[in-house]
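As structure tokens, the structure follows; a few thoughts come after it.
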Amino acid sequence: MKKTNTLLFDGDMVVFQITIGHETEVQWDNDVHTLHSRFSDCLDTFNDYMKNIVEELNADDCIFTFSGSDNFRKTVLPTYKSNRKNTRKPLAYKRLKEHISELYQTKIHEQLEADDVLGILATNGKYKNPIIVSDDKDLYTIPGRTYRLGELREISEQEAFKYFLTQTLTGDVADGYKGCPGVGAKKAETLLSTPETCTWDQVLNTYLAAGLTEDDALAQARVARILHASDWDAKKERVILWQPQTILA
């Protein structure tokens with residue numbers, strides 16, 4: 001069978017999951033505990049992973065994305081991911097990332113997260129039959145094919161827009177943005193349940209009813225937004241901050 005797909009990998013997640021899985025605690029005595037990791041084990045796991053997923057998804061090209069050293073969202077909402085400042089990378093993380101960069105094409109933009117680079121690559125029309133490979137549910141805000149937790153899904157424009165509005169309403173505590181007070185997943189589903197109500201106006205009115213402002217709602221939307229190609233000026237390498245009228249409801 002001819003291989004026909006381009007796999008777009010969330011490199012941050014691949015490297016983290018493999019390297020954290022091979023950290024082993026060793027207790028030397030009653031006082032001393034250390035962590036150890038064998039790079040050869042990480043490498044074996046990575047090679048097996050790539051062999052299996054390339055075969056399963058019938059791929060002839062693979063691209064890895066990694067997060068840059070800065071993050072444009074921090075200029076929109078200073079609290080974004082502030083809860084992760086002291087989170088360490090697993091042992092062998094840097095080495096496996098370097099190994100992947102030597103073998104595969106990699107994409108990094110300093111002010112973007114790996115998710116953003118995935119969204120741009122998946123929607124810019126430059127790659128043959130792209131499939132996003134990531135376990136992060138946020139990638140369902142990108143129209144197209146996404147492989148997550150062993151399931152390949154085709155996400156329509158309408159579904160992607162609904163996921164985006166849902167994230168704007170519910171927020172993401174892990175990423176340091178709160179969304180609209182009092183709105184969880186069930187309430188968001190009710191609010192956005194029909195084509196007529198699955199709109200920015202519905203989201204904005206919900207924020208206003210909670211005593212917040214349009215600027216509050218827009219800031220949450222802009223940090224929730226995984227960039228599409230339309231949100232990125234490739235020539236100037238800068239983010240085009242999301243505006244409600246740029247999205248088709």
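For residues that are open to solvent by less than 60 Å² (accessible area, probe 1.4 Å) and touching a Leu at 6+ places or on another chain (Cβ under 9 Å), scanning just the stretch 62-74, find the one that is modelled with the lowest pLDDT. So that I can check it myself, show each step before the final result.
Applying the first criterion (open to solvent by less than 60 Å² (accessible area, probe 1.4 Å)) to the stretch 62-74 yields 62-68, 71-73.
Pick out the ones that are also touching a Leu at 6+ places or on another chain (Cβ under 9 Å) and you get 62-65, 67-68, 71-72.
On the way: C62: 97, I63: 98, F64: 98, T65: 98, S67: 95, G68: 93, N71: 90, F72: 94.
That would be N71.
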Those residues of the stretch 149-173 which are within 17 Å of D116 (Cβ to Cβ) and either assigned to a loop (DSSP other than H, G, I, E, B) or open to solvent by 50 Å² or more (accessible area, probe 1.4 Å) (or both) amount to Y163
The lone condition I131 fails out of (1) β-branched (V, I, T); (2) in a strand (DSSP E or B); (3) within 13 Å of the chain's Cα centre (by Cα) is (3)
Residue that is of a type in the set (D, E) and closer than 26 Å to R145 by Cα, where the choices are D216, D201, D233 = D233
Can you pull out the residues in the stretch 181-210 that are surrounded by fewer than 17 Cβ atoms within 10 Å (Cβ to Cβ), of a type in the set (A, V, I, L, M, F, W, C) and closer than 17 Å to A160 by Cα?
-> A185
Limited to the stretch 197-246, what total is found for residues that are assigned to a loop (DSSP other than H, G, I, E, B) and out of contact with any His (no Cβ under 7 Å at 6 or more places or on another chain)?
-> 18
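Considering only the stretch 85-102, state which residues are without any contact (Cβ under 8 Å) to a residue 40 or more places away in the chain and under 19 Å from Y127 (Cβ atoms).
Of all residues in the stretch 85-102, those without any contact (Cβ under 8 Å) to a residue 40 or more places away in the chain come to 85-88, 94, 98, 101-102.
Within the stretch 85-102, S101 is the sole residue that qualifies.
Considering only residues that are open to solvent by 10 Å² or more (accessible area, probe 1.4 Å) and touching a Ser or Thr at 6+ places or on another chain (Cβ under 8 Å), which ones fall in the stretch 121-132? Spell out how you get there, then give the answer.
Keep residues of the stretch 121-132 that are open to solvent by 10 Å² or more (accessible area, probe 1.4 Å), which gives 121-130.
Within the stretch 121-132, L121, T123, Y127, K128, N129, P130 qualify.
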How many residues does the stretch 212-228 contain that are in contact (Cβ under 8 Å) with a residue 60 or more places away in the chain and open to solvent by less than 30 Å² (accessible area, probe 1.4 Å)?
-> 8
The stretch 110-126, residues that are touching a helix residue (DSSP H, G or I) at 6+ places or on another chain (Cβ under 6 Å) and part of a loop (DSSP other than H, G, I, E, B) = N124
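If you check E159, E110, which single one turns out to be touching a Phe, Trp or Tyr at 6+ places or on another chain (Cβ under 9 Å) and more than 27 Å from N52 (Cβ to Cβ)? Explain how you work it out, then say what you get.
Details: E110 fails: touching a Phe, Trp or Tyr at 6+ places or on another chain (Cβ under 9 Å).
From the options E159, E110, the qualifying one is E159.
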Restricted to the stretch 12-42 and to residues being in contact (Cβ under 8 Å) with a residue 12 or more places away in the chain and hydroxyl-bearing (S, T, Y), the residue least open to solvent (accessible area, probe 1.4 Å) is T19
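Is it the case that the stretch 103-120 has a residue that's surrounded by fewer than 14 Cβ atoms within 10 Å (Cβ to Cβ) and free of Cβ contacts under 8 Å to residues at least 40 places away in the same chain?
For the stretch 103-120, residues surrounded by fewer than 14 Cβ atoms within 10 Å (Cβ to Cβ) and free of Cβ contacts under 8 Å to residues at least 40 places away in the same chain: present.
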Being touching an Asp or Glu at 6+ places or on another chain (Cβ under 6 Å) and open to solvent by less than 50 Å² (accessible area, probe 1.4 Å), is that true of even one residue in the stretch 46-58?
-> no
Out of T65, T123, which single residue is out of contact with any Lys or Arg (no Cβ under 9 Å at 6 or more places or on another chain), of a type outside the set (A, V, I, L, M, F, W, C) and within 19 Å of L7 (Cα to Cα)?
-> T123
Residue list for the stretch 138-148, filter: in a helix (DSSP H, G or I) and of a type in the set (S, T, N, Q) | T141
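The values are calculated or read from the model by the stated rules, or taken from the named source; none is laboratory data. This is a predicted model, so every value here is computed, not measured. Don't worry about glycine lacking a Cβ; one is built from the backbone with ideal geometry, like all the others, and counts go over all protein chains shown. SASA here: full protein model, heavy atoms, side chains in, ligands and nucleic acids out. Shrake-Rupley method; radii C 1.70, N 1.55, O 1.52, S 1.80 Å.
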